[in-house]
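Notes follow the structure.
The values are calculated or read from the model by the stated rules, or taken from the named source; none is laboratory data. The model shown is predicted, which means the values in this text are computed figures rather than measured ones. Cβ: placed from backbone, ideal geometry, glycine included. Neighbour counts: every protein chain shown. To get the accessible areas, we keep the full protein, side chains included, count just its heavy atoms, and leave off ligands, DNA and RNA. Shrake-Rupley method; radii C 1.70, N 1.55, O 1.52, S 1.80 Å.
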Amino acid sequence: MTYPDTYYRRTMANGSEHSTLSGTFDCDTVIIGGGLAGLTTALQLARAGVSVVVLEAENVGFGASGRNGGFVSPGFATGSDAIARATGKEAAQKIHRLSIEGVDFVRDAIRDLGIVDAKPRPGIMSVLRYDGGNSLKQYADQLRRDYGYELEYFGTDAVRSRLKSVRYFQALRDPNAFHIHPLNYLRALAAEIERLGGRIHENSAVIRCKLGGAEKSATTAGGEIKARRIVFTTGGYTGPLVSKLSRSYLPIATYVMLTEEAPGLIREAIATRDAIGDNRRAGDYYRVVEDGKRILWGGRITTRAASPAVLAGELRREMTGTYPQLKELKTELAWSGLMSYARHLMPQIGEMQPGVWHCTAFGGHGLNTTAIGGKLVAEGILGQSDRYKLFKPFGLVWAGGVAGLATAQLTYWKLQAQDWWRERVA
């Protein structure tokens with residue numbers, strides 16, 4: 001297998017592999033990309049009795065889908081105000097409801113398929129690193145009023161009884177959100193697709209596509225799939241196969257580390273099994289795993305993947321800066337992953353041309369949005385709904401290439417400076 005060395009790879013429940021494509025075959029729909037978006041699309045099509053083939057260049061879940069923080073919560077990589085400016089208030093509310101539906105999809109799939117190895121655990125806390133409880137209360141009131149969605153407000157004392165750090169102030173806890181082992185979840189979806197008659201081929205990078213005409217095709221080094229429809233669900237590891245697609249988002253790296261086993265020491269800092277994220281644009285996100293024995297800690301973004309060992313040092317400084325009592329806690333493992341970000345920071349979901357679909361660019365908020373994105377594409381292919389058109393304002397706009405990467409890095413540094421200054425003056 002080609003998976004990088006991650007916590008999820010080391011604790012993968014099912015080691016089964018899928019064959020490499022060899023030969024020429026026909027199907028109704030071929031999907032390029034075996035991450036969460038591609039497998040969710042394939043699952044929904046297979047459930048409807050559609051013949052589907054998934055082609056994956058590495059192993060299913062090789063990219064961001066199988067090495068992320070494991071957070072499943074509503075929302076997108078950008079905020080509700082930006083969405084409303086692009087779509088209008090009514091459409092923005094529908095889009096937010098879709099993000100909630102994506103959370104429910106993952107929860108239902110885990111329950112219905114009995115994916116115990118996904119290890120779902122309820123609760124995600126979003127914590128402020130400055131004193132700003134009124135803004136959190138207003139946001140919680142808005143969600144309750146507009147969506148009937150309930151969040152729990154924690155004052156500073158309640159937060160610090162759970163997270164023993166003077167860096168933290170108020171928080172909102174989402175009891176409907178949860179966190180999981182994403183690779184085990186994804187591999188269980190793959191098993192269900194094959195049980196339903198779908199086919200998955202790993203180590204089958206597509207080197208050429210035919211997108212015009214009634215019959216589409218995807219060619220690999222070992223074979224070819226001919227289909228009525230083709231769906232692109234690649235992300236941060238996309239090559240130049242379809243330039244319109246690859247030019248429309250940027251590969252952005254993020255980093256995760258895993259600590260050694262030290263349950264007693266960890267309890268001195270973190271007294272909750274909720275997953276935690278702070279309010280900064282590229283803030284820390286973390287959770288305890290293995291029943292409190294270790295911490296899985298993520299953060300940082302860069303436009304070029306740096307050495308995980310170097311970034312692990314930065315992540316550890318973030319951890320110990322937040323929790324000085326963890327200064328003796330050692331790092332056991334670190335890894336990076338590439339996410340795909342569009343300029344507008346929203347998923348790109350739709351039909352590029354007749355019979356050619358795309359479902360990409362989930363911007364670090366993919367466990368719920370890949371679920372709803374794959375569901376919407378399947379609905380569109382099956383003629384069940386045109387809800388995917390809600391994402392039409394967020395099209396395949398050029399992301400800026402090299403200049404776009406430089407701009408993204410400068411923007412991140414600017415946001416870091418703003419976060420630092422806000423904490424200083426709070």
Subject >> Cβ crowding within 10 Å averaged over residues, with 378-385, 88-95 ranked highest first >> reply: 378-385, 88-95
**OP:** Arrange the peptides 135-147, 118-130 so that the one whose residues have, on average, the most other Cβ atoms within 10 Å appears first.
**Re:** 118-130, 135-147
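Quick check: at a probe of 1.4 Å, how many percent of the accessible area of the chain sits on carbon and sulfur atoms?
Numbers: 8960 of 17710 Å².
Carbon and sulfur together cover 51 percent of it.
Return a whole-number percent for the relative contact order of the chain, with Cα pairs under 8 Å and 6 or more residues apart as the contact set. Please report the intermediate quantities before stating the final value.
Details: 936 pairs, mean separation 99.7, N = 426.
Reported as a whole number, the value is 23 percent.
Ranking request for peptides 260-270, 186-196: highest mean number of other beta-carbon atoms within 10 Å first, then the rest in descending order. Working shown, then result.
Numbers: 260-270: 15.6, 186-196: 20.9.
Answer by packing, highest mean first, reads 186-196, 260-270.
R0 = 35 Å: FRET efficiency of E261 with R195, Cβ-based, nearest 0.05?
On the way: r = 36 Å, r/R0 = 1.03.
E(calc), rounded to 0.05, equals 0.45.
Given a Förster distance of 51 angstrom, what is the FRET efficiency for T156 paired with K389, based on the Cβ-Cβ distance and rounded to 0.05? All intermediate terms of the calculation are to be shown ahead of the outcome.
Working: r = 44 Å, r/R0 = 0.86.
Efficiency at R0 = 51 Å is approximately 0.70.
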Original post:
Which whole-number percent gives the relative contact order of the range 109-212, counting Cα pairs below 8 Å spaced six or more residues apart?
Top reply: 35 percent
Original post:
Could you name the lysines in cross-link range of K389, using Cα to Cα under 26 Å and dropping any fewer than eight places away on the same chain?
Top reply: K89, K94, K210, K216, K244, K375
Original post:
Can you pull the accessible area of D157 for me, 1.4 Å probe, Å² to the nearest 10?
Top reply: 130 Å²
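How high is the FRET efficiency from A271 to K210, r the C-beta distance, R0 41 Å, rounded to 0.05?
0.10
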Original post:
So which trypsin sites (Lys or Arg not before Pro) in the range 313-372 are both in a DSSP loop and have at most 13 other Cβ atoms within 10 Å of their Cβ?
Top reply: K327, K330
Original post:
Which of these values of Cα extents along the principal axes in Å was calculated from the structure shown: (i) 60, 40, 39; (ii) 62, 46, 44; (iii) 57, 54, 54?
Top reply: (ii)
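If you take every DSSP beta bridge whose two residues both sit in the chain, what share of them, in percent to the nearest 5, is antiparallel? The partial results should precede the final answer.
Numbers: 49 of 72 bridges.
Counting DSSP beta bridges with both partners in the chain, the antiparallel share is about 70 percent.
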Original post:
How about the range 299-349: which GluC sites (Glu not before Pro) there lie in a loop by DSSP and see at most 13 other Cβ atoms within 10 Å?
Top reply: E328
**OP:** Taking the chain as the reference, fit the longest principal axis to its C-alpha atoms, fit the long axis of helix 366-382 to the helix C-alpha atoms, and give the angle between the two in degrees, 0 to 90, nearest 10.
**Re:** 30 degrees
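Would you mind getting the accessible area per residue of the chain, heavy atoms of the protein chains only, 1.4 Å probe, in Å²?
Numbers: 17710 Å² over 426 residues.
Heavy-atom accessible area per residue stands at 42 Å².
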